[in-house]
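Data first, discussion second: the structure below is written as structure tokens.
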Amino acid sequence: MTGASPAVVSASKLGLTFQTNDGPVQALSNVDLTIGKGEFVSFIGPSGCGKTTLLRVIADLEKPTSGAISVNGMTPEQARQRRAYGYVFQAAALYPWRTIERNVALPLEIMGLSRAEQAARIKRTLDLVNLSGFEKKYPWQLSGGMQQRASIARALAFDADLLLMDEPFGALDEIVRDHLNEQLLELWERTNKTICFVTHSIPEAVYLSTRIIVMSPRPGRVSDVIESTLPKKRPLDIRETPEFLAIAARVRDGLRAGHSYDD
Amino acid sequence: MSSLLSLSSITPRSWQGYAALILLVGALLLWPLVSATPGYGMATTVLIFILLLMAIEADNFPPMIGVVLLFLGAHGAAWMLLAGITGNEGSARGSFYLLLVAAWFLAWRCVTVLSSVRPTSRWASTALRLIIPAIFGAWILIIWEAVTRGAGIPFILLPPPSAIGARIVGSLPVLGADVRQTIFKAVIFGYVVGSSAGFLVAIAADRVPFLRRGLLPIGNMVSALPIIGVAPIMVMWFGFDWQSKAAVVIIMTFFPMLVNTVAGLTASGHMERDLMRTYASSYWQTLFKLRLPAAAPFIFNALKINSTLALIGAIVAEFFGTPVVGMGFRISTEVGRMNIDMVWAEIAVAALAGSVFYGVVALFERAITFWHPSVRGG
């Protein structure tokens, strides 16, 4: 499957060691990874397993200390300079002094798009995340779920083919999260983007992904890769089917096997 | 006595009312109000008692009428007390002060009732916001006036506010010229130049790391220079006119702006800065779209601190040589001539100008940092 389409992200023998005051910490070790176009890949693992670090390496927010990585066939830095990806953080990180539409316009302003082009893209992306009618509101006037949707709209506004999402729904309650998961799948299907999604929720990972990468800590490494057999069209109640539960069980086993806690 | 008769039917509803009633009884026992010969006329005295009793009784009326009765009673009585002291200066007895305190308690009650009013319209809430501090401020002046004149405090030590007010009204051209010289020339120019310089140097220090390490300690040292040492040097460098005062103001306002802006530029979060990085945003784009807006609350703090520092700096600097105009010059010469009321007039004008200055900056702050939790309220 990954061989058929050109790789969007490809990493080999990737390693990253942070120098801290308590000595070196190996955040990533020997990570091999290929992500093809149009895939929805989830990274799951306990905290400290390097899943966020891996995403940040892809985004050129961290530099690997060993191995090689390419994004769209370029170095991550070149890819970042060409705005190859949209990044959604754990918190919405909207600027409180800008209205929702000006927040979505932020990357477009930086890229120097014309006013008319900005307006068209703002309208389209806010429609995509169901936030039409909230253009003139300030972020602090919106609920947490709406804020996170606005931040997704901001990441989509400049039409990068790759979407990097770092536990975007981690701070939201279960009901809002289900709703946003459903919308995210719908959006993925409509836009045909490649999505890398970091999470620590097994149901979320299984529900969303075409491929689940299970990671384990100390040092951060890939311990299992699970291809999902679920169909592309996924209603929420697919989560009760035996097929879904079987994949979830495999993810859980993978997480347990990777655990190297001594206690 | 008629007032004694009516005392029996008065029923206060608040502790201020009870306290006022007790003070009234005390005032009767300590009769008369002043020891001087003309004294208070019988009619005046009775009217003062009636006004105070009316205010004590006010809580038994509907709130709106009660507030009006309280206001009129307390302030009418205070007015008559102050009016009657003319010609009896320095001879006030305990009775006078007890009545004054009774009126003050009732004014307090008036403010308490006003604070509990739920305004129904925007207009009413604005009016309430202004009335309450106005009553508060008025009572500072009333007590000041009553004590200075009642006890006959020497004019040199503390003139009554009425004399200061009369002096302000009588010296408007002089005060106007002083304000023009000190505030419109030295303060405004120094404030704008000093604050802008602090701001620009902060940006430079942020952009160029070696400046940060070199400039901040020097800026710190400049701010530690004693103003009374710097001011005469500035007078020698820049002459007697306003330019030397502006130079002192520049030195005083530079550092607070520098330090606050440097701190403000680090106020944006890691996530927000990473976000700008994912957009491959340039240094200046990140500065204007993220870091400066995030620094705005810090910058306005510096502007507010500087608004008062600038005024102090300019006035003090004028002690070290000026043409024959300016607020600091006036204060230093009028002190020498024992014209203390003129000194107080300058102080009042400086306080007013400083408050207006600060208020204008605060208004701009509210308009520009409307998004900050401290402004939008949580």
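None of the figures in this text is laboratory data; all of them are computed from the coordinates on show. Since the structure is predicted, the reported quantities are computational estimates derived from the model, not experimental observations. Note that we place each Cβ from the backbone using ideal geometry, even for glycine, and neighbour counts take in every protein chain shown.
Structure summary
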{"read-out": "Translational D in µm²/s for segment B:168-376 (Stokes-Einstein at 37 °C, 0.692 mPa s, Kirkwood Rh from C-alpha pairs)", "value": "177"}
{"read-out": "Cβ-derived FRET efficiency at R0 41 Å, B:T308 paired with A:Q141, nearest 0.05", "value": "0.75"}
{"read-out": "B:R213 paired with B:S116, simple spin-label distance in nm, labels 7 Å along Cα-to-beta-carbon", "value": "6.5"}
{"read-out": "The protein assembly as shown - Rg over Rh from alpha carbon coordinates, Kirkwood radius", "value": "1.16"}
{"read-out": "Under the span-like rule (Cα at least 15 Å along the axis, Kyte-Doolittle mean at least 0.5), DSSP H helices of chain B", "value": "B:15-29, B:42-57, B:63-84, B:94-115, B:122-150, B:188-207, B:209-224, B:227-238, B:242-265, B:292-317, B:340-368"}
{"read-out": "Around B:S162: net Lys/Arg minus Asp/Glu count, Cβ-Cβ under 11 Å", "value": "0"}
{"read-out": "Distance from segment A:136-197 to segment B:86-120 (C-alpha centre basis), Å", "value": "62"}
{"read-out": "Straight-distance crosslink candidates among aspartates and glutamates, where the alpha carbon sits under 14 Å from A:K13 and sequence neighbours closer than 8 are dropped", "value": "A:D32"}
{"read-out": "Beta bridges per DSSP with both ends in the protein assembly as shown, % antiparallel, nearest 5", "value": "55"}
{"read-out": "Equivalent ellipsoid semi-axes - Cα gyration tensor, chain B, angstrom", "value": "52, 31, 14"}
{"read-out": "Whether segment B:2-153 is rounded, prolate or oblate, judged on the alpha carbon gyration tensor where a/c under 1.5 counts as rounded", "value": "oblate"}
{"read-out": "Where labels lie 7 Å past Cα in the beta-carbon direction, separation of A:V25 and B:L128 in nm", "value": "5.3"}
{"read-out": "Computed [θ] at 222 nm, deg cm²/dmol, chain A (DSSP H ≥ 4; -39,500 (n - 2.57); rounded to nearest 500)", "value": "-11000 deg cm²/dmol"}
{"read-out": "Choice from A:L33, A:L106, A:L236 showing the highest fluctuation, given a GNM over chain A with Cα pairs closer than 10 Å", "value": "A:L236"}
{"read-out": "Flagged links, alpha-carbon separation over 29 Å, of A:K51/A:K233; A:K137/A:K233; A:K37/A:K233; A:K63/A:K232; A:K123/B:K304; B:K245/B:K304", "value": "A:K137/A:K233; A:K63/A:K232; A:K123/B:K304"}
{"read-out": "Of B:A107, B:G26, B:L128, farthest towards positive along the dipole that unit charges on Lys, Arg, Asp, Glu beta carbons give segment B:2-153", "value": "B:L128"}
{"read-out": "Hull shadow area, averaged, segment A:94-159 [alpha-carbon convex hull, nm²]", "value": "3.8"}
{"read-out": "Sites B:L352 and B:L158 - FRET efficiency at Förster radius 22 Å, r taken between beta-carbons, to 0.05", "value": "0.70"}
{"read-out": "Under 15 Å from the Cα of B:K185 - aspartates and glutamates, other chains or at least 8 residues apart", "value": "B:D241, B:E318"}
{"read-out": "Computed FRET value (nearest 0.05) for B:A224 with A:E240, which takes r as the C-beta separation and R₀ as 56 Å", "value": "0.20"}
{"read-out": "Exposure proxy order (Cβ contacts within 10 Å, fewest to most) of B:I140, A:I195, B:I233", "value": "B:I140, B:I233, A:I195"}
{"read-out": "Whole-percent pair-distance distribution, where bins are 5 Å wide, for the alpha carbons of chain A", "value": "1, 6, 13, 16, 19, 17, 13, 9, 5, 1, 0, 0"}
